[in-house]
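Encoded as structure tokens, the structure appears first; notes follow it.
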Amino acid sequence: MSDYRPPLRDIKFALEHIADLESVASLPGFEHVESEDVYDALDEAGRFLSEVVAPTNTIGDTQGITRNADGSVTVPDELVAAYEQFVESGWGAVKGDIEYGGHGFPSVMATAVQEMLTSSNMAFSLCPMLTSSAVEALGVHGNDEVKAAYLEKLTTGEWAGTMALTEPEAGSDVGALRAKAWPEADGTWRVQGTKIYITWGEHDMAENIIHLVLARAPEAPPGTRGISLFLVPKYLVNPDGSLGARNDVECVSVEHKLGIHASPTAVMAYGEEQGAVAYLVGEVNAGMRCMFTMMNDARLHVGLEGLGLSERAYQLALGYATERRQGRAIGAPKGESSLIIEHPDVRRMLMTMKANIEAMRALILDTSAAGDLRHHGANEEERLRGANRMALLTPIAKAWATDLGVELTSLGVQIHGGMGFVEETGAAQHWRDSRIAPIYEGTNGIQAIDLVMRKVPMAEGAVVTGYLDEMQATADELLATGNGLAAIGAALSDGVAGLRETTDWLLAAGDPNDGLAGATPYLRQFGVVAGGYYLARQAAVAGGLLDAGADDRWLQAKIDTCRFYADQILPQAAGCAPAVKAGADQLFAIDADMLG
Ligand SMILES: Cc1cc2nc3c(=O)[nH]c(=O)nc-3n(C[C@H](O)[C@H](O)[C@H](O)COP(=O)(O)OP(=O)(O)OC[C@H]3O[C@@H](n4cnc5c(N)ncnc54)[C@H](O)[C@@H]3O)c2cc1C
């Protein structure tokens, strides 16, 4: 039995009213997609994931994985069986190209499915997530032979993918990597080097594992300009598509970790003997561009981890709060202890979780819809609009949502009191699992730098300014209603004004170190205001539906959730501003040797 209930109504509401699924489905290439079919399919995905995958979550955490003496890695049987059903049911192939066995649905639908998969079992979800990102990269940058040999099995999930960048001396600084590659006379390449922390680098869930490895070709220039991307299969593939000889790819060890115990994190040795057989993806020395295709997709999905875990933690905490009795709430009958959900402080924690979850969901789905526009827009201008919006929002979706993931799953523990600290409850697992998400796929510090140094200055600030104007237009719309929604508009308007001020300050900052010093508080401020914007839009829709006669407590709860966020969370954005504009001097006022 699973304790996870897919939040389908909120997912569909955000898909319809924020991501505008109807418009996405009308883009070229989605002629076969009807919104109603998407909603029906999501019901089915929710049923499958909550019944088949969610029950494996605790098993994966408690049993973990085993690295055997021969270097193979064994995953708990329950996960292997769930993965087999996952592949059979086709839920990993939602957005894959029809030509390669995918269903050709928009990314935004795949993102909704991935949220439910992540809530069901985050460690498990990383395998399909990385595979789908590999499909994305090969679809854009792979040549015809590579696509013919690998894309179909990866799209269906029969083969799994990995992303192998990190080396001991090359973490955040990918440009420092040393793995090397050289061409062979037959047109193939050889790759040699050790990579660390490779997620699902070795396992027994899929019959072949396709590693996308970054390495340096002979005479490559230093830094990121000299990196190329290679496909390195665990098993070579024969011309008829069957599996051939084992490639020189070995799992040297696996890490023992704080969380995601069911996800093997492997040290991988590629080609220790004579080099592993490899195939170039894209051009020589253009590997970072290829990898960014993969990483942008993966970054959005890591943002989903903050959301997915918060949702599951929320459901668990809510259940506990409606069972556990302690103390007497104000006004409760004498001699009777109250459910803890009746205490204002517990309500505050629950509302903080609920409001932030709904805000994150809308932001992530909107970012994903921008990705659909980027690929499927009817003309160059539309595609550029989608690309710019996705570029701006991805670091926020990744970092704001994963920081919140840690905070909200921690609140989930807190709501349980002492039982939250006891593993048996399950609340602690969500918190432990969430802690990796701000670290991998580019730490949240690196995301903030990306936002400030690359995304905000895009088109001389025009992209960010356009987004600020869009948020202000929603605030004005709500202010003009003159009814209860106007207070949400007022709070949003204040939030946007504050964000505009710090954005202008960053755009004008002369010393880049000042911008770098303010990057993390700026990203937080941006996320909090953007969250308020998405909830304000949802409140406007819910208000409109209620005015039109809908008699629906869910819509009223949506408005109340938005109002809570506007009154109690959105104002926190202003608190970030002084740190954004403080500059770097204060951070370096104490010499490093005096920090101890
Ligand atoms: C469980 C797990 C799974 C992973 N999966 C994969 C995977 O599948 N494939 C893969 O290739 N890698 C993977 N990684 C690696 C992960 O992406 C890196 O750990 C991450 O990029 C950070 O690199 P690092 O650990 O070397 O930390 P460092 O780069 O040493 O960073 C340490 C600290 O310094 C900060 N920092 C570093 N440089 C700067 C800078 N220029 N400006 C400001 N701050 C900076 C960081 O933000 C961080 O706080 C995984 C890691 C873990 C733990």
(request) Any chance you could count how many residues in the range 245-284 are of a type outside the set (Gly, Ala, Ser) and touching a helix residue (DSSP H, G or I) at 6+ places or on another chain (Cβ under 6 Å)? (result) 5
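One line per residue, one yes/no per condition, for (1) within 22 Å of residue 247 (Cα to Cα); (2) not acidic (Asp, Glu):
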residue	(1), (2)
92	no, yes
104	no, yes
123	no, yes
136	no, no
143	yes, yes
149	yes, yes
157	yes, yes
182	yes, yes
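Answer with yes or no whether residue 476 is within 16 Å of the ligand (Cβ to nearest atom), out of contact with any Leu (no Cβ under 8 Å at 6 or more places or on another chain) and assigned to a helix (DSSP H, G or I).
Working: within 16 Å of the ligand (Cβ to nearest atom): no; out of contact with any Leu (no Cβ under 8 Å at 6 or more places or on another chain): yes; assigned to a helix (DSSP H, G or I): yes.
Answer is no for this residue.
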(request) With the checklist (1) part of a helix (DSSP H, G or I); (2) within 19 Å of the chain's Cα centre (by Cα) in hand, flag the one item residue 145 doesn't pass. (result) (2)
(request) Filter the range 173-194 for residues that are charged (D, E, K, R), under 31 Å from the mean Cα position of the chain (by Cα) and not in a strand (DSSP E or B) and give the result. (result) 173, 178
(message) I'd like the residue in the range 392-412 that is closer than 10 Å to residue 434 by Cβ and β-branched (Val, Ile, Thr) and, out of all such residues, is nearest to the chain's Cα centre (by Cα).
(response) 402
(request) Pick out, from the range 198-256, the strands (runs of 3 or more DSSP E) lying fully within it that include 1 or more residues that are over 21 Å from residue 145 (Cα atoms). (result) 249-254
(message) As an exercise: evaluate residue 479 against (1) under 31 Å from the mean Cα position of the chain (by Cα); (2) over 22 Å from residue 579 (Cβ atoms); (3) touching a residue at least 12 places away in the same chain (Cβ under 8 Å); (4) open to solvent by 70 Å² or more (accessible area, probe 1.4 Å) and give the number of the one condition it does not meet.
(response) (1)
(request) Filter the range 151-165 down to residues that are in contact with a strand residue (DSSP E or B) (Cβ under 6 Å, 6 or more places away or on another chain) and open to solvent by 10 Å² or more (accessible area, probe 1.4 Å) and give me whichever is nearest to residue 126 (Cα to Cα). (result) 163
(request) Answer yes or no as to whether residue 114 is more than 21 Å from the chain's Cα centre (by Cα) and touching a residue at least 24 places away in the same chain (Cβ under 8 Å). (result) no
(request) Hey, can you tell me all the residues within the range 14-52 that are closer than 23 Å to residue 99 by Cβ and among the acidic types (Asp, Glu)? (result) 31, 34, 37
(request) Output the number of the condition that residue 79 fails; it satisfies all remaining conditions of (1) of a type in the set (A, V, I, L, M, F, W, C); (2) under 20 Å from residue 361 (Cα atoms); (3) touching a Ser or Thr at 6+ places or on another chain (Cβ under 6 Å). (result) (2)
(request) Look through 323, 305 and report the one residue that is within 21 Å of residue 413 (Cβ to Cβ), open to solvent by less than 40 Å² (accessible area, probe 1.4 Å) and of a type in the set (D, E, K, R). (result) 305
(message) Of everything in the range 423-437, what is surrounded by fewer than 24 Cβ atoms within 10 Å (Cβ to Cβ) and near the ligand (Cβ under 10 Å from one of its atoms)? Give them in sequence order.
(response) 435
(message) I want to confirm something. Restricting to the range 225-247 and keeping residues that are out of contact with any Leu (no Cβ under 9 Å at 6 or more places or on another chain) and open to solvent by 40 Å² or more (accessible area, probe 1.4 Å), which single residue is nearest to residue 292 (Cα to Cα)?
(response) 225
(message) With the requirement that a residue be away from the ligand (no atom under 16 Å from the Cβ), assigned to a helix (DSSP H, G or I) and without any contact (Cβ under 8 Å) to a residue 60 or more places away in the chain, what does the range 442-469 give you?
(response) 460, 461, 462, 465, 466, 468, 469
(message) Looking at (1) more than 17 Å from the chain's Cα centre (by Cα); (2) closer than 30 Å to residue 358 by Cα; (3) hydroxyl-bearing (Ser, Thr, Tyr), which one does residue 100 not meet, given that it meets all the others?
(response) (2)
(message) Suppose we filter the range 479-488 for residues that are assigned to a helix (DSSP H, G or I) and either among the hydrophobic types (A, V, I, L, M, F, W, C) or under 18 Å from residue 519 (Cα atoms) (or both); how many remain?
(response) 5
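For residues that are surrounded by 18 or more Cβ atoms within 10 Å (Cβ to Cβ), of a type outside the set (Val, Ile, Thr) and near the ligand (Cβ under 10 Å from one of its atoms), tally how many sit in the range 248-271.
Final tally of qualifying residues: 5.
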(message) Considering only the range 134-145, I want to know if a residue exists there that is open to solvent by 40 Å² or more (accessible area, probe 1.4 Å), closer than 25 Å to residue 365 by Cα and out of contact with any strand residue (DSSP E or B) (no Cβ under 9 Å at 6 or more places or on another chain).
(response) yes
(request) Please identify the pairs in which a residue from the range 549-574 that is within 18 Å of residue 13 (Cα to Cα) has its Cβ atom under 7 Å from the Cβ atom of a residue that is open to solvent by 40 Å² or more (accessible area, probe 1.4 Å), counting only partners at least 6 apart or on another chain. (result) 554/9; 555/545; 555/546; 556/546; 561/354
(message) Can you find, within the range 177-203, the residue that is surrounded by the fewest Cβ atoms within 10 Å (Cβ to Cβ) among those that are of a type outside the set (A, V, I, L, M) and near the ligand (Cβ under 9 Å from one of its atoms)?
(response) 197
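The values are calculated or read from the model by the stated rules, or taken from the named source; none is laboratory data. The structure displayed is predicted, hence computed values, not measured ones. Neighbour counts run over all protein chains shown; Cβ positions are idealised from the backbone, glycine included. Please note that ligands, DNA and RNA were not included when accessible areas were found on the heavy atoms of the full protein model with its side chains. Shrake-Rupley method; radii C 1.70, N 1.55, O 1.52, S 1.80 Å.
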